[in-house]
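Reviewing the structure listed below.
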Amino acid sequence: MDIEKLKKAMIGQDVVYANLAGNLEPMAKNIVEAMNATGAKRLIWISSMGIYDEVPGEKYGSILEPYRRSAAIIEASDLDYTILRPGWFTNKDEIDYETTQKGELFKGHEVSRKSVAALVVKLATSPELEVRRSLGVNKPVH
């Protein structure tokens, strides 16, 4: 990720949405740096369920380290972030989700992509919601 290109892309933006894969730690650092340099404040960052060992009966171990480290970088920033920690994605044609706060146990294991998209839109269009929060996102267990 070229930091100068990131800065240029962020000038004048109200919201930055990051749903990334790969070497997440330097990506998170570059995004925070670019946002700080351009004055952009609102970040919606997609991570993964399990980064805080909040899924009952599951221990994901080192596979989630990149997600943990990148979330820690975002949380240490002064940005108006919301970190989303969705469950396993489904392709169901539904919007049906609940959220949990960091420190609360996850209530389910899956969520539709359409549900996550609806939450992202809600957060992007209502930037005062869930600021400096890390939300687990799953389909309610009925």
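Miscellaneous remarks
- Options Asp80, Asp14, Asp96; residue that is charged (D, E, K, R) and either without any contact (Cβ under 8 Å) to a residue 40 or more places away in the chain or under 15 Å from Gly136 (Cα atoms) (or both): Asp96
- Filtering segment 106-142 to residues that are surrounded by fewer than 12 Cβ atoms within 10 Å (Cβ to Cβ) and in contact (Cβ under 8 Å) with a residue 24 or more places away in the chain leaves Pro140, Val141.
- In segment 24-65, the residues that are of a type outside the set (Gly, Ala, Ser), assigned to a helix (DSSP H, G or I) and more than 30 Å from Ile11 (Cα to Cα): Ile63, Leu64, Glu65
- Of residues in segment 59-100 being under 24 Å from Thr125 (Cα atoms), of a type outside the set (S, T, N, Q) and touching a Leu at 6+ places or on another chain (Cβ under 6 Å), the one surrounded by the fewest Cβ atoms within 10 Å (Cβ to Cβ): Leu79
- Residue ID - farthest from Glu65 (Cα to Cα), chosen from residues in segment 1-23 that are of a type in the set (D, E, K, R) and part of a helix (DSSP H, G or I): Lys8
- Subset tally (residues that are buried (at least 20 other Cβ atoms within 10 Å of the Cβ), over 15 Å from the mean Cα position of the chain (by Cα) and touching a residue at least 40 places away in the same chain (Cβ under 8 Å)) for segment 29-53: 1
Let's see how each residue does on (1) closer than 25 Å to Glu25 by Cβ; (2) small (Gly, Ala, Ser):
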residue	(1), (2)
Leu64	yes, no
Ser70	yes, yes
Ser77	yes, yes
Tyr81	yes, no
Leu84	yes, no
Trp88	yes, no
Ala118	no, yes
Glu128	no, no
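- Condition check for Pro56: surrounded by fewer than 16 Cβ atoms within 10 Å (Cβ to Cβ) and in contact with a Phe, Trp or Tyr (Cβ under 9 Å, 6 or more places away or on another chain): yes
Every read-out reported here was derived from the displayed coordinates using simple, explicitly stated rules and does not represent laboratory data. Since this is a predicted model, take the numbers as computed values, not measurements. For neighbour counting, all protein chains shown are included, and Cβ atoms are generated from backbone atoms with ideal geometry for every residue, glycine included.
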